[in-house]
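Undergrad: Next up is a structure, given as structure tokens.
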Amino acid sequence: QVQLVESGGGLVQAGDSLRLSCAASISTFSINAMGWYRQAPGKQRELVATLTSGGRSTNYADSVKGRFTISTDNAKNTMYLQMNSLKPDDTAVYYCNAYLWEQVRDRYLEVWGQGTLVTVSS
């Protein structure tokens, strides 16, 4: 079964830190790219950070640059989002996302996690 499961969300105070985890079960696929998205109350889902495995490149939304860091632990098939200096505007449901590639069939699959809620109080 191909799935992503997020964890690590919760209620924190402004200025605190959180680390979100995304455990990936991807079967015969490999990860071409991965990312974190978020959806705040009353807003559309937006990109937070991405990591491209092929080019080893990262990209961050302007609102989180210098505060958030995306990373992976390949041995554990887990991706992380380290969030520092959290602000009330960071309050959202955070989703992990992976763009997968299966070599034997040369096919691609985009997978989303179920989301984890981060609430930042002032």
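The values are calculated or read from the model by the stated rules, or taken from the named source; none is laboratory data. Treat the numbers as computed from the prediction; the structure is a model and nothing was measured. Quick reminder, even Gly has a Cβ in these numbers, built from the backbone with ideal geometry, and neighbours come from all protein chains shown. Heads up: the accessible areas ignore ligands, DNA and RNA and are worked out on the full protein's heavy atoms, side chains in. Shrake-Rupley method; radii C 1.70, N 1.55, O 1.52, S 1.80 Å.
Undergrad: Would you please name the trypsin sites (Lys or Arg not before Pro) within segment 45-122 that are DSSP coil residues with at most 13 other C-beta atoms within 10 Å of their C-beta?
TA: Working: sites: 45, 56, 65, 67, 76, 105, 107; in loops: 45, 56, 65, 67, 105.
Hits after loop and neighbour filter: 56, 65, 105.
Undergrad: Oh, and also: Identify the residues of segment 78-122 with backbone N under 17 Å of a label point that sits 7 angstrom from the Cα of residue 27 along the Cα-to-Cβ direction, or state none.
TA: Those under the cut-off are 98-113.
Undergrad: So who's got an amide H within less than 5 Å of the one on residue 48, skipping anything under 5 residues away but keeping other chains? H placed 1.01 Å off N, in plane.
TA: The list, which skips near neighbours in sequence, is 36, 37, 38.
Undergrad: With a 1.4 Å probe and every protein chain left in place, work out the accessible area per residue of the chain in Å², rounded to a whole number. Don't skip to the answer; put the middle values down first.
TA: Details: 6840 Å² over 122 residues.
So the chain comes to 56 Å² accessible per residue, rounded to a whole number.
Undergrad: In Å³ and rounded to a whole number, note down the convex hull volume per residue for the Cα atoms of the chain. Please report the intermediate quantities before stating the final value.
TA: Working: hull volume 12.2 nm³, N = 122.
For the chain, the hull spanned by Cα atoms encloses 100 Å³ per residue.
Undergrad: Connecting C-alpha atoms closer than 10 Å in a GNM of the chain, tell me which of 57, 21, 30 has the biggest fluctuation.
TA: Checking each option, the largest mean-square fluctuation is seen for 57.
Undergrad: Then there's this: Within segment 101-122, which residues have the backbone N less than 20 Å from the label spot 7 Å out from residue 2 along Cα→beta-carbon, could you tell me?
TA: 101-115
Undergrad: If you place +1 on the Cβ of every Lys and Arg and -1 on the Cβ of every Asp and Glu, how big does the dipole about the Cα centre of segment 58-106 come out, in debye to the nearest 20?
TA: Details: 5 positive and 6 negative charges, 27 e Å.
Once rounded to the nearest 20, the dipole reads 120 debye.
Undergrad: Does segment 26-71 classify as rounded, prolate or oblate by the C-alpha gyration tensor (a ≥ b ≥ c root eigenvalues; a/c under 1.5 gives rounded; else a/b over b/c gives prolate, otherwise oblate)?
TA: Values: a/c = 3.08, a/b = 1.49, b/c = 2.07.
Oblate.
Undergrad: Can you list residues from other chains, or at least 5 along the same chain, whose modelled amide H is less than 5 Å from the amide H of residue 33?
TA: Hits under the 5 Å cutoff: 53, 99.
Undergrad: If you place +1 on the Cβ of every Lys and Arg, -1 on the Cβ of every Asp and Glu, and leave all else neutral, what size is the dipole of the chain about its Cα centre, to the nearest 20 Debye?
TA: Roughly 80 debye, rounded to the nearest 20.
Undergrad: Once the piece of chain linking residue 65 and residue 119 is laid out straight, how much longer is it, given 0.36 nm per residue of separation minus the C-alpha distance between them?
TA: On the way: separation 54, 0.36 × 54 = 19.44 nm, distance 1.91 nm.
Length gained between residue 65 and residue 119: 17.5 nm.
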